[in-house]
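Peer 1: Take a look at this one; I'll ask things after.
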Amino acid sequence: MKTLLFPHSFQRIGWIIFAISAAIGAYILFTDNTDSYLFNNIAIIGISIGAILATCSREEVEDEMTGQMRLNSLLTALYINYAILIVCSLLIYDLDFLSVMLYNMFTILLIFMVVFRWKIWRVKKATENE
């Protein structure tokens, strides 16, 4: 079966782009410096590209179990993401909801990254103990 994953070497590049862009985004968020459209765009595009490269790159050992974990993690992230979106749509109104939608662009990728890395860590830890 043909998979559309990037080569494993792209994973490290993705993490670097993601980290730098997330730092820029955090700086903009905490300094309330929303006037800089250039830095906003750099943060949004960088986080998106970095997260996609980091999550959609092959693992060193990419087998059927890894593919199944990847699929389950994506489905879990989808469920969690939309549960958060539904709760926020019930509790947050007006322009504040626009901020929720901005962050929602990234939450599915971030949740997927966390869940998938956690599952990979659990499998590696289980195999080390055997």
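The values are calculated or read from the model by the stated rules, or taken from the named source; none is laboratory data. Remember, it's a predicted structure, so these values are computed and weren't measured experimentally. Please note: Cβ atoms are built from the backbone with ideal geometry, for glycine as well, and neighbour counts cover all protein chains shown. Accessible surface areas use protein heavy atoms only, side chains included; no ligands, DNA or RNA. Shrake-Rupley method; radii C 1.70, N 1.55, O 1.52, S 1.80 Å.
Peer 1: So which chymotrypsin sites (Phe, Trp or Tyr not before Pro) in the stretch 13-101 end up in coil per DSSP with only 13 or fewer other C-beta atoms within 10 Å?
Peer 2: TYR93
Peer 1: For the chain, give the percent of accessible area contributed by carbon and sulfur heavy atoms, probe 1.4 Å, rounded to a whole number.
Peer 2: The value for the chain is 69 percent carbon and sulfur by accessible area.
Peer 1: Same structure, new question: Compute the length gained on full extension between THR127 and PHE30: take 0.36 nm times their separation in residues and subtract their Cα-Cα distance, giving the result in nm to one decimal.
Peer 2: Extending this stretch completely gives an extra 30.8 nm.
Peer 1: Please identify the GluC sites (Glu not before Pro) of the stretch 26-118 that satisfy two criteria: DSSP loop assignment and at most 13 other Cβ atoms within 10 Å. Which are they? Each step should come with its number before you reach the end.
Peer 2: Details: sites: GLU59, GLU60, GLU62, GLU64; in loops: GLU59, GLU60, GLU62.
Taking the stretch 26-118 and a limit of 13 other Cβ atoms within 10 Å, the loop GluC sites (Glu not before Pro) found are GLU60.
Peer 1: State the Cα centre-to-centre distance between the stretch 76-130 and the stretch 1-44 in whole Å.
Peer 2: 17
Peer 1: With the Cα gyration tensor of the stretch 1-82 giving a ≥ b ≥ c as the square roots of its eigenvalues, does the rule (a/c under 1.5 for rounded; else a/b larger than b/c for prolate; else oblate) give rounded, prolate or oblate?
Peer 2: On the way: a/c = 3.28, a/b = 1.95, b/c = 1.68.
Prolate.
Peer 1: Normalised by the number of residues in the chain, what is the relative contact order in percent for Cα pairs under 8 Å and 6+ residues apart?
Peer 2: Computed value for the chain: 28 percent relative contact order.
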